[in-house]
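Peer 1: My questions all concern the structure below.
Bear in mind that the values in this text are calculations on the coordinates, not laboratory data. These numbers come from a predicted model, not from an experiment. So basically every Cβ, Gly included, is an ideal-geometry build from the backbone, and we count neighbours across all protein chains shown.
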Amino acid sequence: MQDVAVQAIDKLNVVSQIFETTPLTMFGVILLGFMGGTLSGFIGSGGAFLMTPGMMNLGVPGVMAVAANITHKFGKAMMGSKKHGELGHVDRKLGIYLLITACVGIYAAVVVNGYFFEKLGKAGSGLYVSAFFVLTLSIIGYSLLMDALRTRKDPDAGPSDKLLNMSKKFQLKPMIHFKVADVKVSFLVLLVIGFFVGYMAGTIGVGGFIGVPAMIYVFGVPTVVAAGTELFLAMFMGAWGAFNYGLQGYVDLRLTLLLYAGSLVGIYFGAIGTHLVKELYIRLVTAILILLCVVSRMLAIPEYMVQLNIVALSDRSAAMFELGSKIFLFGSGIVATFLILLWTFQAKAKEDKSAKLGLSPSLK
Amino acid sequence: MKRIIFIDSTWDINSQALQYALKAAKGTDTEIACVFLAADDSTETIGKAGATLDSVRENFSSEGIGISSHVVAPDAEAFMTKINGLMPASLVLIGDAAFTNEMKKAGASVEALKDKLTCPVTTADSIHAAHSEKAAPAKKTNWFVWVLYAIGSALMYGVFFPKIESLNEKLFMSGTVLGGISIMAVVAIHAWIWGNTTTILPKLFRLEK
């Protein structure tokens, strides 16, 4: 382990080395941004679950991939929350309560993430981020898939109220009323959820997948307000995360700007798709894609373990795992993005066909 | 002759849904296949539904529109068989149709029709919503401003991007407060400029007007 610590990578030059060795990596980051942006626009939040591991697959250390992602999240959410704010979908009071605790969570995540990078190098950081990713996103992906399948059986089924009923039983005082969302939530529950949202955003760059479901299922916030408040939250969390990772010197703006090159193109197509494609498809795509990204990250873990001398693998086996991880991640991302674009253009063609009949219906 | 299938359970002559069907059929050599989804399968209800459709037919004929009328009991299989029998159609329009829970569970619902039929399927509510959205004036592209954003984007990627490597050591990755603030400032400015440049893309692909 000592040897590994000595091999700690010069964070200032690591991205330059990657770009110089394989210039195509730059295109890879743009492609990741486009796929992440399309998914982000389509799902309403997320995209990071693809972009963070994708950059790691391209050779970027885990901590720098997360730093680039959370910095990217700041600007993206800034553009998105403006629109939601105009529509009145943001509960600012709820957002501020969550934000305060989320900032503590992000700070803790930056410290822990930085610790792994400094002590165990690129492989240690990669292993920590990957293990956290697999653990949390497998639970989230599975829950989303079950929810989507339930909706498929009963189209009128709303969000499950099991957690909401459970949280109502434990009404720990003080309770706070949030006017826009029209819910009463225990302050202690807010603290716990906010911290975990922040810690997750700071560790893997994915916070919305905890924040939005928590607001809907635990607090009982209407879906549209939850999505708007999450974007408001994401903007400040992204800013705080960018600043903190910046203070540690982990933000290489080249990665962030390349992500933007693709994401701010894809996000518009994804967002238009939400008006045209059925919600069930949106939920199914999200759940399946998250689970495929989890599989991809699981396949990447042995390589880090080999580098840290935890396990021994032949070069051939290690290469197979690495290749499998890349194929799963890029393959599933490309297929999902292709499907979203295909459905969007197909639905638009159908809508135009109806418009010729003198109507202009939404065919969702 | 084209055909529009209109499904409803109330058949209010003045309903907006029916007006949409009329609008779509007028002057286009289109027949409206009126499907009355009855609340139950009693003889009395079916008989009343038939009579209602007769009066609708009289109103429609004065407008010069041909219609065929069909009364269906609230049974998923019978309903889907009837709709399939009326195919091909150029549009299925759904007004105030009372799909029972049993029908939905057995696979007869608005969603199921959208899934199974190849022609456009829509509801009067969604047309109304789309028309309401249309009422709001569409934001016109200010080409002068867009060109400014595009120039800004070109400068960001063409001039600023290659300089980041040298700026990293001095500023962005220096691990200082100034470095952190600079990162946030660059990201905010870039997201704004590039985000406003790419807004044109959905219009170019005709996904937006």
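Peer 1: Answer with one residue from A:102, A:176, A:282: the one whose Cα lies farthest towards the positive end of the charge dipole of segment A:2-354, charges on Cβ with Lys, Arg +1 and Asp, Glu -1.
Peer 2: It is A:176, whose Cα lies furthest towards the positive end.
Peer 1: Name the residue farthest towards the positive end of the dipole of the protein assembly as shown from the options A:335, A:197, A:249, assuming +1 on Cβ of Lys and Arg, -1 on Cβ of Asp and Glu, about the Cα centre.
Peer 2: A:249
Peer 1: Further question: How big is the shadow of the Cα convex hull of segment B:2-135, averaged over all directions, in nm²? Let's see the in-between values first.
Peer 2: Values: hull surface 32.2 nm².
Computing the convex hull of the Cα atoms and averaging its projections yields 8.0 nm².
Peer 1: Counting only other residues whose beta carbon sits under 11 Å from that of residue B:179, what net charge do I get with K and R as +1, D and E as -1?
Peer 2: On the way: positive: B:170; negative: B:169.
For residues surrounding residue B:179, the net value is 0.
Peer 1: Under the classification rounded if a/c is under 1.5, otherwise prolate if a/b is larger than b/c and oblate if not, where does segment B:143-204 fall, given a ≥ b ≥ c as square roots of the Cα gyration tensor eigenvalues? Intermediate values should be presented prior to the final figure.
Peer 2: On the way: a/c = 3.40, a/b = 2.29, b/c = 1.48.
Judged from the Cα gyration tensor, segment B:143-204 comes out prolate (a/c at least 1.5, a/b above b/c).
Peer 1: Based on C-alpha coordinates, I'd like the Rg and Dmax of the protein assembly as shown, in Å.
Peer 2: 27.1, 92
Peer 1: While we're here: Set Lys and Arg Cβ to +1 and Asp and Glu Cβ to -1, take the dipole of the protein assembly as shown about its Cα centre, and tell me which of A:234, B:100, B:174 lies farthest positive.
Peer 2: The listed residue farthest towards the positive side: B:174.
Peer 1: Give the peptides A:308-318, B:68-78, A:329-339, A:27-37 in descending order of average Cβ contacts within 10 Å, highest first. Can you show the working numbers first?
Peer 2: Values: A:308-318: 11.9, B:68-78: 17.0, A:329-339: 18.7, A:27-37: 24.5.
Highest mean packing first, the order is A:27-37, A:329-339, B:68-78, A:308-318.
Peer 1: Moving to a separate point now. Please compute, for peptide A:244-250, the average count of beta-carbon atoms on other protein chains lying within 10 Å of each residue's beta-carbon.
Peer 2: That average works out to 6.
Peer 1: In peptide B:176-182, what is the residue-averaged number of other protein chain Cβ atoms found within 10 Å of each Cβ? Spell out each step's value before the answer.
Peer 2: Values: counts 3, 3, 1, 6, 10, 4, 3.
Partner Cβ neighbours, averaged per residue: 4.
Peer 1: Let me ask you something else. Could you work out, residue by residue across A:66-79, how many beta carbons of other chains sit within 10 Å of that residue's beta carbon, and then give the average as an integer? Intermediate values should be presented prior to the final figure.
Peer 2: Working: counts 0, 2, 0, 0, 0, 4, 2, 1, 5, 10, 3, 1, 5, 7.
Taking all residues of A:66-79 together, the mean is 3.
Peer 1: Helix-only estimate, please: 222 nm mean residue ellipticity of chain A, summing -39500 (n - 2.57) across DSSP H runs of length 4 or more and dividing by its residues, to the nearest 500. All intermediate terms of the calculation are to be shown ahead of the outcome.
Peer 2: Working: 13 runs with 281 residues, N = 364.
Taken over chain A, the calculation gives -27000 deg cm²/dmol.
Peer 1: Okay, next question. Based on DSSP H runs of at least 4 residues, each adding -39500 (n - 2.57), what is the mean residue ellipticity at 222 nm of chain B after dividing by all its residues, to the nearest 500 deg cm²/dmol? Spell out each step's value before the answer.
Peer 2: Values: 10 runs with 109 residues, N = 209.
Result for chain B: -15500 deg cm²/dmol, rounded to the nearest 500.
Peer 1: Where does each of A:343-350, B:36-43 land if you order them by average Cβ count within 10 Å, highest first?
Peer 2: Numbers: A:343-350: 17.8, B:36-43: 15.6.
Peptide ranking by packing, descending: A:343-350, B:36-43.
Peer 1: Sticking with this one: All other residues with a Cβ under 12 Å from the Cβ of residue B:15 taken together, and with Lys, Arg as +1 and Asp, Glu as -1, what is their net charge?
Peer 2: Details: positive: none; negative: B:8, B:12, B:96, B:125.
Overall, the nearby charge balance is -4.
Peer 1: Which value results for Rg/Rh of segment A:49-152 when Rg is the Cα radius of gyration and Rh the Kirkwood radius based on the inverse mean 1/r? Don't skip to the end; give the middle numbers.
Peer 2: Details: Rg = 16.6 Å, Rh = 16.0 Å.
When Rh is taken as the Kirkwood radius, the ratio is 1.04.
Peer 1: What ranking do B:194-206, A:129-141 get when scored by the average of other Cβ atoms within 10 Å per residue, highest first? Show your work: numbers first, answer last.
Peer 2: On the way: B:194-206: 16.5, A:129-141: 20.2.
Packing order, densest peptide first, comes out as A:129-141, B:194-206.
Peer 1: Pairs B:104/B:140; A:73/B:116; A:73/B:170; A:184/B:203; A:278/B:48: which are spaced more than 31 Å apart, C-alpha to C-alpha? Could you put the intermediate results ahead of the total?
Peer 2: Numbers: B:104/B:140 42 Å; A:73/B:116 39 Å; A:73/B:170 24 Å; A:184/B:203 43 Å; A:278/B:48 36 Å.
In this structure, B:104/B:140; A:73/B:116; A:184/B:203; A:278/B:48 exceed 31 Å between Cα atoms.
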